[in-house]
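First comes the structure, then the notes that go with it.
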Amino acid sequence: MNIYLDYAATTPVDPRVSKAMFYWQENHFGNPSSLHRAGQRSKIKLEESRDLIATELGCLSKEIVFTSGGTESNNLAIIGACLGNRNKGNHIITTSVEHPSVLKAFEYLEQLGFEKTIIKCDQNGSPDLQALQEAISDSTVLVSMMYVNNETGIILPIQKVSEICRNKNIIFHCDAVQAFGKIEIKTNNLFDLLSFSGHKIYGPKGIGGLFVRDGIALETRSYGGGQEANKRPGTENLIGIVGLAKALELMSTRQNEFDTVNRLKKLFEETLLSRIENCFITGSESDRSPYISGISFTGTDNQSLLLNLDMQGIGASVGSACSSGSIKQSHVLQGMQLAENLVNSAIRFSFGRFTTEEEIKRSVEIIEKVVKKLRS
């Protein structure tokens, strides 16, 4: 792969993260639950990492639960909170543009007798907040909405939704996997549950976490030795946690990276628009993360486009990386009610710390040639 433009699927691990993980793996392998010196040394590092993440989110350390990543965090948050608060109601609400790990969790709860409402989004990716308010009933127990959409980069109106939920005493869960570390997030009174992951911020795969506001009832999805305050038992992935904490620590200069990536994305999009006809930016009128750009090239199909780009050395995607690997048309773009020709020709490009201006310029040249070839 010559040019990697799929940072939203996963980021490369920063060498400084790898170094920190290697040190702990080589020198401090004790189980954090063991009472001897080696175990307690690991326990101290575990809690230092938890403290660092809690400081970043402005919450209590005991409110951070380590998981295997965003999917587990979303499942634990949604299913755990709904089952733990079933006495309060059986109605749940989310949007049409959520990650599959959220939508599938809703489907599972529906099988258990919960009633779900899916709020549609407009062509700018914004959910219908009036429809959300009208959907809320006395039996509504939870609303789940992502912070940054993983396919379009559109930033959703989480503050407004949080206010609606708070006024109605409804649990609010936010999938913040694409925002965590990249955008300053303080839990304050905004969230009751918030999911995050390590491999979107140059950390390792297989590690993530969940903010659980103190006092929120959460029914566990697994049983064991009582680790993570009984919310997610099992020996902690200390090496992964060390990597996650180091990756987050390195995001402390995120504003510089944010500005640099934003400049590169702007160069990428503006140059494509100037050189390729019938090229459309998804959510161009919306507030978007600089890390993700969804673009449709009408007159092509995204499967052929993706494969041709890959053969030319460009790694991109058509959306979520959490499926079978087969190319399916985006439920996100369909959920935004976009025209079929836009959905069928949409490609997601995403950028990050190691993206260079030279790569951006070279990518535009290759994309222009590939699109011209497929349209001929």
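The values are calculated or read from the model by the stated rules, or taken from the named source; none is laboratory data. Model, not experiment: these values are computed from the prediction. Every residue, glycine as well, gets a Cβ built from its backbone with ideal geometry; the counts of neighbours run over all protein chains shown.
Just one residue in the set Glu63, Glu56, Glu151, Glu98 is more than 27 Å from Ile292 (Cα to Cα) and acidic (Asp, Glu); that residue is Glu63. If you check Asn230, Asn124 for being at pLDDT below 95, under 30 Å from Ser293 (Cβ atoms) and assigned by TED's automatic domain parsing to the domain that holds Glu48, only one passes: Asn124. If you check Lys205, Lys160 for being at pLDDT 95 or above, basic (Lys, Arg), part of a helix (DSSP H, G or I) and within 28 Å of Leu333 (Cβ to Cβ), only one passes: Lys160.
Listed here are the residues, each with its yes/no results for (1) surrounded by fewer than 21 Cβ atoms within 10 Å (Cβ to Cβ); (2) assigned to a loop (DSSP other than H, G, I, E, B).
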site	(1), (2)
Phe106	no, no
Gly113	yes, yes
Thr117	yes, no
Gln123	yes, yes
Asn150	no, yes
Ile164	yes, no
Cys174	no, no
Lys186	yes, yes
Ser195	no, no
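Considering every residue within the range 293-300, establish whether at least one is in contact with a Pro (Cβ under 9 Å, 6 or more places away or on another chain), closer than 22 Å to Thr11 by Cα, outside any loop (DSSP other than H, G, I, E, B) and not β-branched (Val, Ile, Thr). No; the residues of the range 293-300 include none that is in contact with a Pro (Cβ under 9 Å, 6 or more places away or on another chain), closer than 22 Å to Thr11 by Cα, outside any loop (DSSP other than H, G, I, E, B) and not β-branched (Val, Ile, Thr). Here Val242 clears all of (1) hydrophobic (A, V, I, L, M, F, W, C); (2) touching a strand residue (DSSP E or B) at 6+ places or on another chain (Cβ under 6 Å); (3) farther than 20 Å from His99 by Cα except the condition numbered (2). Here Thr253 meets the list (1) modelled with pLDDT of 95 or more; (2) assigned to a helix (DSSP H, G or I) almost entirely, failing just condition (1).
Inspection of the range 337-349 finds a residue satisfying the criterion of being among the β-branched types (Val, Ile, Thr) and modelled with pLDDT under 95. All conditions in (1) in a loop (DSSP other than H, G, I, E, B); (2) surrounded by fewer than 17 Cβ atoms within 10 Å (Cβ to Cβ); (3) modelled with pLDDT under 95 hold for Glu236, with the sole exception of (2).
This table checks each residue for (1) of a type in the set (Phe, Trp, Tyr); (2) assigned to a helix (DSSP H, G or I); (3) closer than 24 Å to Thr187 by Cα.
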position	(1), (2), (3)
Val13	no, no, no
Glu47	no, yes, yes
Phe66	yes, no, yes
Thr94	no, no, yes
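Residue count for the range 12-29, restricted to those that are farther than 19 Å from Lys205 by Cα and surrounded by 18 or more Cβ atoms within 10 Å (Cβ to Cβ): 0. The set of residues in the range 215-233 being acidic (Asp, Glu) and crowded, with 17+ Cβ neighbours inside 10 Å consists of Glu228 alone. Residues that are among the small types (Gly, Ala, Ser) and either more than 21 Å from Glu340 (Cα to Cα) or surrounded by fewer than 21 Cβ atoms within 10 Å (Cβ to Cβ) (or both) within the range 260-308 comprise Ser274, Ser284, Ser286, Ser289, Gly299, Ser304, listed in sequence order.
Taken over the range 63-75, the criterion of being small (Gly, Ala, Ser) and surrounded by fewer than 21 Cβ atoms within 10 Å (Cβ to Cβ) is satisfied by Ser68 alone. Looking across the range 241-258, the residues that are in contact (Cβ under 8 Å) with a residue 24 or more places away in the chain and either out of contact with any helix residue (DSSP H, G or I) (no Cβ under 8 Å at 6 or more places or on another chain) or surrounded by fewer than 16 Cβ atoms within 10 Å (Cβ to Cβ) (or both) come down to Arg254, Phe258. If you check Ile292 against the conditions, is it of a type in the set (A, V, I, L, M), at pLDDT 95 or above, in contact with a strand residue (DSSP E or B) (Cβ under 8 Å, 6 or more places away or on another chain) and closer than 24 Å to Val177 by Cβ? Yes, satisfied. Here is a list: Ile44, Ile78. Which entry is out of contact with any Pro (no Cβ under 8 Å at 6 or more places or on another chain), surrounded by 14 or more Cβ atoms within 10 Å (Cβ to Cβ) and assigned by TED's automatic domain parsing to the domain that holds Gln123? Going through Ile44, Ile78 in turn, just one is out of contact with any Pro (no Cβ under 8 Å at 6 or more places or on another chain), surrounded by 14 or more Cβ atoms within 10 Å (Cβ to Cβ) and assigned by TED's automatic domain parsing to the domain that holds Gln123: Ile78.
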